[in-house]
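What follows is a short report on a single structure.
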Amino acid sequence: MLRALAASLVCCVTLLADDKKPVISRAGNDLVAVTASVLSLKDVAAALGSDLGGYFVVVQVSVEPRSGAPLPVYRDDFLLRTDRDGEKSTPFAPSQIAGSGAMVISSTGEGGAVMGDSRGPVWGGYPGSTDRPRRMGGDGGVIGNSGGAGTARASLTTMETGKENPLLAALADKILPEDKECKEEISGLLYFPMEPKQKLKHLELIYTTPAGKLNLRFR
């Protein structure tokens with residue numbers, strides 16, 4: 001009984017890492033059709049050369065205009081939220097993940113923090129290295145959340161390293177392009193900062209279009 005329970009728990013917390021078949025979600029209105037799937041950590045590593053430390057949910061998105069008129073497509077029109085604790089986030093730019101600055105992750109509202117203690121801001125080297133985001137002044141935080149809804153945010157703190165992160169080019173090459181007059185289907189990746197070990201069934205992608213919001217679930 002205990003062995004079966006332990007196996008069940010492991011299965012639950014490694015869902016995104018072990019999924020073999022992507023769950024594809026579709027939605028649309030008179031102006032646009034959108035298709036999305038969440039990449040497993042294995043697929044993220046294959047696409048980018050790094051799994052981003054498990055601190056990002058990476059979504060493959062395709063956007064296809066339907067009306068024949070130009071459609072403005074911006075990455076900030078997409079929002080990812082999780083039912084697990086209400087955490088939500090807009091996508092990061094490549095420079096926020098692997099630029100010359102340090103990534104600082106915090107949250108608004110109640111909960112949603114990546115790591116939690118009171119010894120300084122969260123910072124870290126680029127994802128893909130063995131360094132995980134950690135608190136200034138030493139580790140000791142716990143991965144998780146304090147409950148309630150929150151919005152993940154990030155800012156950059158200047159950190160001169162003298163080296164360009166090789167991950168930056170891969171992130172920029174794969175990202176969903178922006179186009180203020182999109183007329184044909186475009187596709188690419190979106191990088192959402194979010195607490196590790198999310199379950200697909202808890203994730204919801206919200207796309208705000210000129211004709212209203214489209215909601216995509218991964219079940």
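Only the coordinates and a few stated rules stand behind these numbers; no lab work does. Here the structure is a predicted model, which is why all the values come from computation and not from measurement. In this analysis, Cβ positions are derived from the backbone assuming ideal geometry, glycine residues included, and neighbour counts consider all displayed protein chains.
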Using 0.36 nm per residue, how much length does the chain from K201 to I24 gain when fully extended, once their Cα-Cα distance is taken away? 62.5 nm
How much length is gained on full extension from A172 to T90, taking 0.36 nm per residue of separation minus their Cα-Cα distance? 27.9 nm
In nanometres, what is the gap between the two model label sites at K180 and R219, each 7 Å from Cα along Cα-to-Cβ? 3.9 nm
